[in-house]
Amino acid sequence: MSIVTVERKILKKNDELAAENRQIFKDHRIFTVNLLSSPGSGKTTLLEKTLERLNHTIKIGVVEGDVQTDNDAQRIARYDVPVVQIVTNGGCHLEAKLVQNALANFTLSSLDLLIIENVGNLVCPASYDLGEAHKIVMVSTTEGDDKPAKYPAMFRVSDLMIINKIDLLDYVDFDMQKVRKHALTINPNLHIIELSCKSGQGFDAWIDWIKGKLSSYTIK
């Protein structure tokens, strides 16, 4: 009983800080998304390809979360965008306070879009609101088609599921219809985009999704 009580207190405090973050994003008119997946699904590659397409027309900032190293932040920095690396030193998720601390390193008035790449994990991050407008869960064809069934909480709280590496469908044992069915059973409102970061197939749908969401914000 005491463990449950402690956990509730931690999540309550996180939710309070997430609400503060959300107000900060609202005040500065920053559209913010929280990108989640297991390791190796292609989150950082998705960001790189997104920056290639949008960096000249939309003012983008990136928060990189990882257990160790700043490798992903170095990859993103090549695109000449503001990026802050959060190293959790073993922590399996980002928390609202960590994101709030990272915001001090950005010129918020100069951002339209903030992308938070969370730690590679489909369990813990599902419970932690960071103040984002949308959670985006990413899976890939090389991981197997059982992710929604194994980690339902993540798919329940997400608004968009990206299925990456569809260029490999002929070479892997992955049932697209099974993944879609399980995900939509958990969350009937889940939007689904199938794409390949490598070949570019389906990538326009992802770019259109971002632009569509951004259209409800006032671009500075």
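Run through the DSSP bridge list for segment 2-214 and note the antiparallel percent, rounded to the nearest 5. Don't skip to the answer; put the middle values down first.
Numbers: 0 of 29 bridges.
So the antiparallel bridges amount to about 0 percent of the total.
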Divide by every residue of the chain the summed helix terms, -39500 (n - 2.57) for each DSSP H run of at least 4, and state the resulting mean residue ellipticity at 222 nm, rounded to the nearest 500 deg cm²/dmol. -11500 deg cm²/dmol
Aspartates and glutamates with Cα under 20 Å of Lys178, excluding same-chain neighbours fewer than 8 positions away: Glu143, Asp145, Asp146, Asp159, Asp167, Asp170, Glu194
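Could you compute the net charge surrounding Leu190? Neighbours are other residues with a C-beta less than 12 Å from the C-beta of Leu190; K and R count +1, D and E count -1. It would help to have the intermediate numbers written out before the result.
On the way: positive: Lys135, Arg156, Arg180, Lys181; negative: Asp159.
Residues near Leu190 contribute +3 overall.
Mind checking the dipole of segment 2-214: about its Cα centre, +1 per Lys or Arg Cβ, -1 per Asp or Glu Cβ, Debye to the nearest 20?
Values: 25 positive and 28 negative charges, 97 e Å.
Roughly 460 debye, rounded to the nearest 20.
Mind checking segment 30-104 for trypsin sites (Lys or Arg not before Pro) that DSSP puts in a loop (not H, G, I, E or B) and that have at most 16 other Cβ atoms within 10 Å? Mind dumping the intermediate values first?
Details: sites: Lys43, Lys49, Arg53, Lys59, Arg75, Arg78, Lys97; in loops: Lys59, Arg78.
Those satisfying the criteria are Arg78.
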Sorted by Cβ density within 10 Å, fewest first, the residues Tyr79, Tyr151: Tyr79, Tyr151
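Could you give me D for segment 2-214, from Stokes-Einstein at 10 °C and 1.306 mPa s, where the hydrodynamic radius is the Kirkwood radius over C-alpha pairs? Units µm² s⁻¹, please.
Working: Rh = 17.5 Å.
After rounding, the answer is 91 µm²/s.
None of the figures in this text is laboratory data; all of them are computed from the coordinates on show. Small disclaimer: the values here were computed from a predicted structure and weren't measured. We place every Cβ from the backbone using ideal geometry, glycine too, and count neighbours over all the protein chains shown.
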